[in-house]
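Nothing in this text is a laboratory measurement; each read-out follows from the coordinates by a stated rule. No experiment lies behind these values; they were computed from the predicted model shown. Heads up, the Cβs are rebuilt from the backbone with ideal geometry, glycines too, and the neighbour counts pull from every protein chain shown.
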Amino acid sequence: MSLLEVRDLRKSFGGVAAVDGVGFTVAAGEMVAVIGPNGAGKSTCFNVLGGQLRPDSGEVVLDGLPVTGLRPEALWRLGVGRTFQVASVLGSMTVRENVQMALLAANRRSWSLTRRLRNEERRRADAVLRRLALLGLADSACATLAYGDVKRLELAIAIANRPRLLLMDEPTAGMSRGDRGALMAEVAALARESALGVLFTEHDMDVVFGHADRVLVLHQGRVVAAGAPDAVRNDPRVRAIYLGAAAEAGRA
């Protein structure tokens, strides 16, 4: 059984079908990329899966449990982590406190815990930060971080609750080329080690074809191609509607 099953998902705005009968699966430990030109429906699809939007119809099933239309906080507690194109962290807090807040939210606890519980949350937070090479910045205010470190912290927050599924919307946006590769290599390692299913959108084709196990191509709200990276890269229709257009834009 797949970790994530999306069945005939549909979402329209004012008569325009942004997501039009989309269906796919993500297995535990698998990294699946969703690509497509602007307006293809990637963000709408992600926002439906993440609970920011309710679908008009269709089903979303997480490890056998129907989760269609659940709010983000409910999905978080069921094991769905999420990062966004524009990284969002609490700038006034330290790196460690950001991860601790995620742990507290996952367990429905308040900040006013007993000392024993606060120490436990600190140990768990430090373990996550150590995993992502952020422990040396644990006491730093987030407002002072370089952008690459902010993106890594956002990932730390997303995995603090040990999710089964991670949704990543443009995870390397705004990062340097070296930081992009390092971040996605870390995500791939987490997926393998923790049987974490990862679904991500990305405009950088080096990131997509270098790290995805499978690639889905959306066009006008529909899946028009899906498969192994090399097969998708060489698909004539994909090259015509997306990859070729991107190459032409780069030469302009």
| How long are the semi-axes of the ellipsoid equivalent to the chain, from square roots of 5 times the Cα gyration tensor eigenvalues, in whole Å, largest first? | 32, 21, 16
| task | For region 1-62 and region 168-243, write down the distance between their C-alpha centroids in whole Å. | result | 15 Å
| note | When the charge dipole of the chain is computed with +1 at the Cβ of Lys and Arg and -1 at the Cβ of Asp and Glu, the Cα pointing farthest to the positive end, of GLN100, VAL32, ALA143, is that of GLN100
| Where does each of 151-158, 62-69 land if you order them by average Cβ count within 10 Å, highest first? | 151-158, 62-69
| query | Counting only Cα, what are the radius of gyration and maximum Cα-Cα distance Dmax of region 1-85, in Å? | reply | 12.4, 37
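Normalised by the residues of the chain, what does the relative contact order come to in percent, with Cα pairs under 8 Å and at least six apart? Please list the in-between numbers first.
Working: 464 pairs, mean separation 69.9, N = 252.
After rounding, I find 28 percent.
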| query | What 222 nm value per residue comes from the helices of the chain, counting each DSSP H run with n ≥ 4 as -39,500 (n - 2.57) and dividing by all residues, nearest 500 deg cm²/dmol? | reply | -11000 deg cm²/dmol
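What dipole magnitude, in Debye to the nearest 20, does the chain give about its Cα centre under +1 on Lys/Arg Cβ and -1 on Asp/Glu Cβ?
Dipole size: approximately 720 debye.
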